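Just below is one structure, and these are the notes that go with it.
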Amino acid sequence: MSAGRLAPRILVVKGLRTFFFGWLSVIVALHLARAGFSTRTIAAIFTATMVEDAVLTSLLSVVAGRFGASRVMMLAAPLMAFGGAMLATAQAPEILVIGAIVGTLSLNGQEAGPFLPLEQAMLADDVPAAAHTRMFGWYNLVGFLAAGVGSLAAGAWLRQASLLGFDEAWAYRAMLWTYAAAGVALTVIYARFPSNPRSAAIQPLKISTLGLTPPSRRLVLQLSALQGLDSLAGGFIVQAVLAYWFHERFGADAATLGSLFFGTNVLSAVSFLAASRVANRIGLLNTMVFTHLPSNLLLMLVPLMPSLPWAAAMLLARHLLSQMDVPTRQAYTMALVAPEERAAAAGITSSVRALAQAFGPALSGLAMATPWTGLPLLLSGGLKVVYDLSLYARFRSVPLARAA
């Protein structure tokens, strides 16, 4: 893997950050429930958190091209410390809500806040264009594994705290303070990054609205709209929804579901690394579409299967292909625009995806009224097929700003 001088540091800080996102995601809802919030209120807080993250990401990504991605992340990292400290100490419900909304919390153990698009832009500047897809594959894999380890560490800590005689509230507060300390550490780390590693080599463009030139703005907004459709469809099949559907349809117990989702996660990780090899042979856009399309057809086959083994086999086959579009999608966005527009482009696409995904779980709850139909899986797969075909039709003749 060809890497520049910043890439290894970015991978390390990515792992550190997502470890703590995974660490805290285990107890966020439980902590709010202990504070007396109802399930409906917690869901509303989570939606507000996702919307705030999306808006903040979009705003900060737009100015990153001017001030440098690392400086912007240095200003965003203290929000983790702020949120952790407020949740650990606040007694008033309204203060807890503020801490949860502005504290850059991850609800699924993966990324939250503006870090993902800004680090993508830094990686794209730091490594050769030909290595972008491979680097983004490793970048996503590091975050994926670190978040999983963080969740495991959280569970181990809670068990150990219980054995030592500490009550649950104390254990939660300790985790929140640890999260706050991680925010402080990340602030220090980002402060030591170069403010704009390739600014001297970049010829300034006439950047206008949203941090993009007019031609790039049109393309990025169209790409974002399509990716928003894909993200909305993905919200129908978050892991919790799939677990409920498999339980209701086939009677799968927790142990069986744990093994199934371990398998889907392992296959997803494999697909991250396979993406660059496929992209080198058939191109970024073709990889995005021609691996994603069959994975969505497999998803639509899951509810049509007559038994749990067959349905599980379809889901596992789907995950072997389903994540190849992630690093290729990121590399494609970087190649679509000029270097000084990368942070803005990544931020806008990430924000739209986050906003769209915020509504997916609520809609899937309505679709779950009759679990035996598998309606959420059919809707998700169908919408994703529309996304794939629309993406290919719109962008197959669009030239890339840079080779990738």
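Here, each number is a calculation from the coordinates, and none is a lab measurement. It should be emphasised that the depicted structure is a prediction, and the values quoted were computed from it without experimental measurement. Using ideal geometry, Cβ is built from the backbone for each residue, glycine included, and neighbour counts are taken over all protein chains shown.
Observations on the structure shown:
- Given charges at Cβ of Lys, Arg, Asp, Glu: region 213-397 dipole, positive-most of Leu320, Leu299, Val278: Val278
- Extending 7 Å from the Cα toward the beta-carbon at both Glu248 and Val270 defines two label points whose distance is 3.1 nm.
- Inverse mean reciprocal Cα-Cα distance (Kirkwood Rh) of region 11-91, Å: 14.5 Å
- What the Cβ-Cβ distance of Ala92 and Arg281 gives, at R0 = 60 Å and to the nearest 0.05, is a FRET efficiency of 0.55.
- Estimated distance in nm for a label pair at Arg34 and Thr256, the labels positioned 7 Å out from Cα along Cα-to-Cβ: 3.4 nm
- Magnitude of the charge dipole, the chain, Cβ model with Lys/Arg +1 and Asp/Glu -1, debye to 20: 980 debye
- Gain on full stretching of the segment that runs from Val55 to Val188 - 0.36 nm per residue minus C-alpha separation: 45.4 nm
- Placing +1 on each Lys and Arg Cβ and -1 on each Asp and Glu Cβ, with no other charges, gives region 213-397 a dipole about its Cα centre of roughly 460 debye.
- Using only Cα coordinates, the Kirkwood hydrodynamic radius of the chain works out to 21.7 Å.
- Region 307-360 - convex hull of alpha carbons, volume per residue in Å³: 76 Å³
- Potential lengthening between Thr47 and Val63 on full extension [0.36 nm per residue; Cα-Cα distance subtracted]: 3.3 nm
- Counting only the Cα atoms, region 213-397 fills a convex hull of 107 Å³ per residue.
- Once the Cα-Cα distance is subtracted from the 0.36 nm per residue extended length, the Tyr392 to Ala181 segment shows a gain of 71.5 nm.
- Note: relative contact order over region 213-397, using C-alpha pairs below 8 Å and six or more positions apart, is 42 percent.
- Ranking Ile98, Ala182, Phe46 by Cα position along the charge dipole of region 1-195, where only Lys, Arg, Asp and Glu carry charges on their C-beta atoms, puts Ala182 farthest toward the positive end.
- Shown is the FRET efficiency for Arg9 and Arg159, computed with R0 = 30 Å from the Cβ-Cβ distance and rounded to the nearest 0.05: 0.35.
- Computed packing ranks the peptides 69-75, 86-92 as 69-75, 86-92, most packed first, by mean other Cβ atoms within 10 Å.
- Taking the Cα centre of region 40-156 as reference, the dipole from Cβ charges on Lys and Arg (+1) and Asp and Glu (-1) amounts to some 20 debye.
- Top of Ala182, Ala345, Ala191 by mean-square fluctuation, Gaussian network on the chain, Cα under 10 Å: Ala191
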